Amino acid sequence: MKYTNLMYTMTPLTIAAAKKFRRSERFIDGFSVEKELIKLCNEFFGDKIVNEHNGLRKQYAQMKEKVVSDGLIGLVLNGIEEDSIFIGNYTTQSLDIIHLTVASLTRTLLTDFFTQAEIEQHCESIPGIENYITDPQSE
């Protein structure tokens, strides 16, 4: 598992899922994608002692379960460019320090713990997603 410079390429379907989640801010009073991303990442990676005791793989597996069960793939897709939101540090067994940001956590979750087919499947299950998909050729 690499932790630096991970890239995730968005497709029209994943862009639509992220957009639909972001638009919830307009309709749900007090809802903030940024705050929800921080809350989600802190739930699984905010406690340095738990992270170092369990290891990051276990924390990612638990985060994936929550994302799937709560339908949060659109939220996670919104996090892939949030490099400035720092969650904490993780010290490896070889004493390397990994800086955990919302972007690094969400990109790693997407690239190492989901297949592209799983991501697409979860995006397709979002009610009304078809209204947010744009044809890349029409832009």
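Values quoted throughout were computed directly from the atomic coordinates according to the rules given, and no laboratory measurement underlies them. All of these numbers come straight from a predicted model, not from anything done at the bench. Ideal geometry is used to build each Cβ from the backbone, glycine not excepted, and the neighbour counts take in all protein chains shown.
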Report summary line: Simple SL model, points at 7 angstrom along Cα→Cβ for residue 50 and residue 70; separation in nm is 1.2
Report summary line: Filtered hits (lysines, Cα-Cα < 27 Å from residue 20, offset >= 8 within chain) -> 35, 39, 64, 66
Requested in this report: Using θ = phi - 60° and the Karplus relation 6.51 cos²θ - 1.76 cosθ + 1.60, list the HN-Hα couplings for the range 129-134 in order, rounded to whole Hz, with x at every Gly or Pro.
Outcome: 4, 4, 6, 10, 7, 10
Query raised in the report: Once fully extended, how much extra length lies between residue 83 and residue 121, figured as 0.36 nm per residue of separation less the alpha-carbon to alpha-carbon distance?
Result: 11.1 nm
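Exposure proxy check: 44, 27, 86, 114 ranked by fewest other beta carbons within 10 Å? Kindly include the intermediate steps, with their values, before the conclusion.
Numbers: 44 24, 27 7, 86 14, 114 19.
Ordered by Cβ neighbours within 10 Å, fewest first: 27, 86, 114, 44.
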Query raised in the report: Near the amide H of residue 101, under 5 Å away, which other amide H atoms are found, from residues 5 or more places off or on another chain, if H is placed in the peptide plane?
Result: 87
Query raised in the report: Among 123, 41, which comes first, second and so on when ranked by fewest other beta-carbon atoms within 10 Å?
Result: 123, 41
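Could you calculate the contour length gain from residue 129 to residue 39, that is, 0.36 nm times the residue separation minus the distance between their Cα atoms, to one decimal place in nm? Spell out each step's value before the answer.
Working: separation 90, 0.36 × 90 = 32.40 nm, distance 2.42 nm.
Full-extension gain reported as 30.0 nm.
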Query raised in the report: Tell me, what ³J(HN,Hα) does each residue in the range 55-62 have, in order and in whole Hz, if you take phi through Karplus 6.51 cos²θ - 1.76 cosθ + 1.60 with θ = phi - 60° and put x for Gly and Pro?
Result: x, 5, 4, 5, 5, 5, 4, 5
Query raised in the report: Which order do 126, 80 fall in if you start with the one that has the fewest other Cβ atoms within 10 Å?
Result: 126, 80
Query raised in the report: Residue by residue, what Karplus-based ³J(HN,Hα) values in Hz, rounded to whole numbers, does the range 80-90 have, using 6.51, -1.76 and 1.60 with θ = phi - 60° and x for Gly and Pro?
Result: 5, 10, 8, 5, 7, 9, 8, 9, x, 10, 10
